[in-house]
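Engineer: What follows is a structure written as structure tokens; I'll ask about it next.
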Amino acid sequence: MGQFDAVMGNEASRRTFLKGVGVLGATGVLAACRKNVDASGAGSNTSSASLVPIEQEPGTLKAYEWAGYDTKWLFADYLDAGYPDPKFSFFVNTEGALAKTAAGYEWDVTHPENGYVQDYVNMGAIQPWDTSLIPNFASLNPVLEGAGQIDGKQYEIELDWGYSAPLIRADMIDPNLDSYDYLFTDQAQGHISWFDTPWILQMAAISQGMDPNHSFDMTASELDDTKNYVIEKGQRNLYNIWVNFQDMWDDVQKGNVWATYAWPDAYVALKDKVDVQYIRPSTGTLAWVEGLVLRANTPNYHHAHAFADAWASATTGEKLIGTWGYGHSNLDIDLSKIDPDVVKVFGLEDPEKNLSEPLSYLDRFQPQRNAYNRAWNEVKASLG
């Protein structure tokens, strides 16, 4: 039984879940919130004695984000309340964000996939949230929010979710392959693009028949074999490795790229411009849940909670889905307002079916993450 199924067996949770577009990431339903006991923020690194009123905080929130997540409608309520514009900096991938944080880079909030939250906890970089300071938290899917808990403490406010899968030019390559092999096939020689992420290794392993769950914890020999396969295919078929999503969109639109690693936003951006399809392999699609984590000892404790509350609103969620095709955890979103094609392609009309195994395999903590990172760096070095 997968993580999703373990929780969805509870009928009350099932009904709550199906009200909205949330997705499971943990094996339990959110416990009742009670300050200093459970998910409301027990064990906070910022002690109550050190907290100051919001008016006495520095006020300019340092947000370490994905490119594009400085778009103001994502936190419109925060700005409308009169708080100053956050100061944004950006990371390419969460592996890089972890490394930079470990080296001493300062931020107040950042936005990792759920699978990396334990890494941040292990390095002592984050503290739990006090959900009583986030009014919209009551409207978030409790099953999804369970994914943000470690030892009963709410370390991540889960907000957006989606898939990592091939986007193809259906007029350039056979659209019936139904596999991550789109990212390695000789049929697209010279026209394949990868994102800069070790997940390319897992996608290669899945395309070669590995169980998607096992792809998160390969043995050393399996990882080495997969690395060599990716190097071979990359040297033969790769057009580029992208780090800027807009550059990737342009390459797909121009026909330079026929198959690329993509998130749902690429399909939404391109579907009315060129003949693209978003391929969620029926053998299992890698999926992610992500949200905001709070820096330990942040001087902007209250500002950070207000920022998270704005991100958690139904208005933000509705626009996020309509603009980028990502799911959102707020249960009050009206899917009838969303493009029906987007709802269908990403399975928003039936999240239980589309986000449970064996159709989707959720990101998770990987004890051997450093080995995956080393292997991926070797891949990139071999490709120049």
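Engineer: Round to a whole angstrom and tell me the spacing of the C-alpha centers of region 85-131 and region 177-224.
Structural biologist: Cα centroid to Cα centroid, the span is 27 Å.
Engineer: Can you give me the % of accessible surface on region 210-324 that is carbon or sulfur? Probe 1.4 Å, all protein chains present, nothing else counted. Write down the numbers at each step before the final one.
Structural biologist: Details: 1810 of 4160 Å².
Roughly 44 percent of what the probe reaches on region 210-324 is carbon or sulfur.
Engineer: Within 10 Å, count the other beta carbons around each residue, average over each peptide in 216-222, 329-335, 196-202, and list them highest first.
Structural biologist: Peptide ranking by packing, descending: 196-202, 329-335, 216-222.
Engineer: Please report the Cα spread of region 256-384 along all three principal axes, rounded to whole Å, starting with the longest.
Structural biologist: 45, 45, 31
Engineer: DSSP loop trypsin sites (Lys or Arg not before Pro) in region 233-282 with at most 16 other Cβ atoms within 10 Å of their Cβ, which ones?
Structural biologist: Answer by residue number: Lys273.
Engineer: Roughly how compact is region 143-269, stated as its Cα Rg over 2.2 N^0.38 Å to two decimals?
Structural biologist: 1.17
Engineer: Identify, among Leu362, Leu294, Ile333, the residue whose Cα sits farthest towards the positive end of the charge dipole of region 274-383, taking +1 on the Cβ of Lys and Arg and -1 on the Cβ of Asp and Glu, with the dipole about the Cα centre.
Structural biologist: Of Leu362, Leu294, Ile333, it is Leu294.
Engineer: So if each residue of separation counts as 0.36 nm, and I subtract the Cα-Cα distance between Asp247 and Gln235, what length gain in nm does that give?
Structural biologist: Result: 2.2 nm gained on full extension.
Engineer: Of the listed peptides 119-132, 137-150, what is their order by residue-averaged count of other C-beta atoms within 10 Å, with the highest listed first?
Structural biologist: 137-150, 119-132
Engineer: Which residue fluctuates the most in the chain, going by a Gaussian network model with Cα springs under 10 Å, if the choices are Ile54, Ile241, Ile157?
Structural biologist: Ile54
Engineer: Show me 289-299, 274-284 ranked by packing, highest mean number of other Cβ atoms within 10 Å first. Intermediate values should be presented prior to the final figure.
Structural biologist: Working: 289-299: 23.5, 274-284: 18.7.
By packing density, highest mean first, the sequence is 289-299, 274-284.
Engineer: Moving on. Starting at the first residue of region 119-136, write each ³J(HN,Hα) from the Karplus equation 6.51 cos²θ - 1.76 cosθ + 1.60 with θ = phi - 60°, in whole Hz, x for Gly and Pro.
Structural biologist: 4, 5, 5, 4, 8, x, 8, 10, 10, x, 7, 9, 5, 5, 8, 10, x, 6
Engineer: For the chain, what log10 I(q)/I(0) values come out of the Debye formula at q = 0.08, 0.11, 0.12, 0.15 1/Å, with one point per alpha carbon and no solvent?
Structural biologist: Values returned for q = 0.08, 0.11, 0.12, 0.15 Å⁻¹ are -0.39, -0.76, -0.91, -1.42.
The values are calculated or read from the model by the stated rules, or taken from the named source; none is laboratory data. Bear in mind the structure is a predicted one, so any value in this text is a computation, not a measurement. Quick reminder, even Gly has a Cβ in these numbers, built from the backbone with ideal geometry, and neighbours come from all protein chains shown. In case anyone asks, the SASA skips ligands and DNA or RNA and just uses the protein heavy atoms, side chains included. Shrake-Rupley method; radii C 1.70, N 1.55, O 1.52, S 1.80 Å.
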